[in-house]
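The values are calculated or read from the model by the stated rules, or taken from the named source; none is laboratory data. The shown structure was predicted, so the numbers you read here are calculated from the model rather than taken from an experiment. Reconstructed Cβ throughout: ideal geometry from the backbone, glycine too, with neighbour counts over all protein chains shown. Areas reflect the complete protein model, heavy atoms only, side chains present, ligands, DNA and RNA absent. Shrake-Rupley method; radii C 1.70, N 1.55, O 1.52, S 1.80 Å.
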Amino acid sequence: MRIVSVNAWGGARYDDLAAWLPTAGADVVCLQEVTRTAGLSGWTSFADGERSLPQRANLHGDVRRLLPSYEGLFLASDAGPVTDDAGRRHRQDFGLGTYVSEQLPVIGMAGAFVHGGFVDHDEWTITDRPRAVQAVRVVDRAGGRQVCVVQLHGLRDPAGKGDTPARREQAERLAAFVEATRAPGDLVVVAGDLNLLPDSATFDVLRRIGLQDLVGTADTRTSSYLKPVRHASYLLVSDPEAVAGFRVRTEPEVSDHRILELDLTPAG
C-alpha cells in the first residue's frame, strides 16, 4: 500500500501535478491547499495582502477527473474571494482533499478543526486562519491490517515556524483527534504540511500517542520556494516496522513542497 502527501499549492503548478498524479501508484493521496469554487473551472487568482498566487478554481474537481477510480473527500477549512481571468469575484472554498483507490474499502471517515473553526472571509487574512484535520480508515488487504490515514495543514505564522502557544494547542487537539479516530490495532499514518521546525514540541506530543516522524531534518521544499528555511512537511507512523520504504522526493516538482511517499509492507 502506498500513501503520498503533498501541499498542492492550490494547483499553482497544475501541469506538473496533473502529469504526476495518475502515475504515482498511490492507494491514498493526501493533498493540502485544495480549492473548490462552485460552478467554476480553470484558473483564478488568490491574494491575501502579502502575496498573490494563481490557483485552480476547483482543484478538487480536477483531481477527481485525474483519478476517476478514486473516492474523493474534500474538507473545507475556510473560504474567501478569488478573481477569474475577467476580474469577476467568486467565493472559493479552501481545505484538504483525500483520495482513496477503489481497491481499498473505506471503513471510517472523520474531520475536525485543530485551530479555530470555519470562516467565510470577506478578504483573506495572513494570520490566524482556521486549520482542519481529515482522516480516513481503510482496509489494507495486501498488508492484512486496517490503516488510519490522517492529514492536516498546520498553522502558518508570518513570524516563522517556531513553537507558539497556538501551535502547542494545535498539537494537543491533533493528538486527541487521532486517539478518538483510530481503532485498536490500526496502523496510524499522520501526514501533511505542518509548518513546523524539526525540533518542535509537537513531535513530543505526538510521540506520547505512539507516533514517530520519518522526515526529520530533510529538506521538504522545491525550487519554487525561495526562502532559506526548508522544513515544512512531515509524515509520522505508529509502527516503523510496517514501513517498506519512505522517500522525500526531489522529483517531480509539483508544488513548492516536495512529495512525501510511504510504502507499507505486505503481509508476510
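How far, in degrees from 0 to 90, does helix 165-181 lean away from the longest principal axis of the Cα atoms of the chain, to the nearest 10? Between the helix axis and the principal axis of the chain, the angle is about 50 degrees. The residue among GLY185, GLN32, LEU155 whose Cα reaches farthest toward the positive pole of the charge dipole of the chain, with charges on the beta-carbon of Lys, Arg, Asp and Glu, is GLY185. The spread of Cα positions in segment 50-169, taken along each principal axis and listed from longest to shortest, comes to 47, 41, 20 Å.
Name all residues of segment 29-50 having a backbone nitrogen under 19 Å from the label point set 7 Å from the Cα of ALA218 along its Cα→Cβ direction, giving them as ranges. Residues 29-32 fall inside that zone. For the pair ASP204 and THR83, the difference between a 0.36 nm per residue extended length and the Cα-Cα distance amounts to 39.4 nm. Surface analysis of the chain yields an accessible area of 41 Å² per residue, using protein heavy atoms and a 1.4 Å probe.
Between GLU50 and ARG156, full extension at 0.36 nm per residue minus the direct alpha carbon distance yields a gain of 36.9 nm. On the basis of the beta-carbon distance and an R0 of 35 Å, HIS121 and ALA267 show a calculated FRET efficiency of 0.15. Taking the protein heavy atoms of the chain in the context of the full set of protein chains, the accessible area attributed to carbon and sulfur is 49 percent at 1.4 Å. State the Cα centre-to-centre distance between segment 20-92 and segment 163-238 in whole Å. If you average the Cα positions of each part, the centres end up 24 Å apart.
Between ASP15 and SER69, what's the calculated FRET efficiency when r is the beta-carbon distance and R0 is 22 Å? Round to 0.05. Provide the component values of the computation, followed by the final result.
Values: r = 22 Å, r/R0 = 1.00.
The calculated FRET efficiency here is 0.50.
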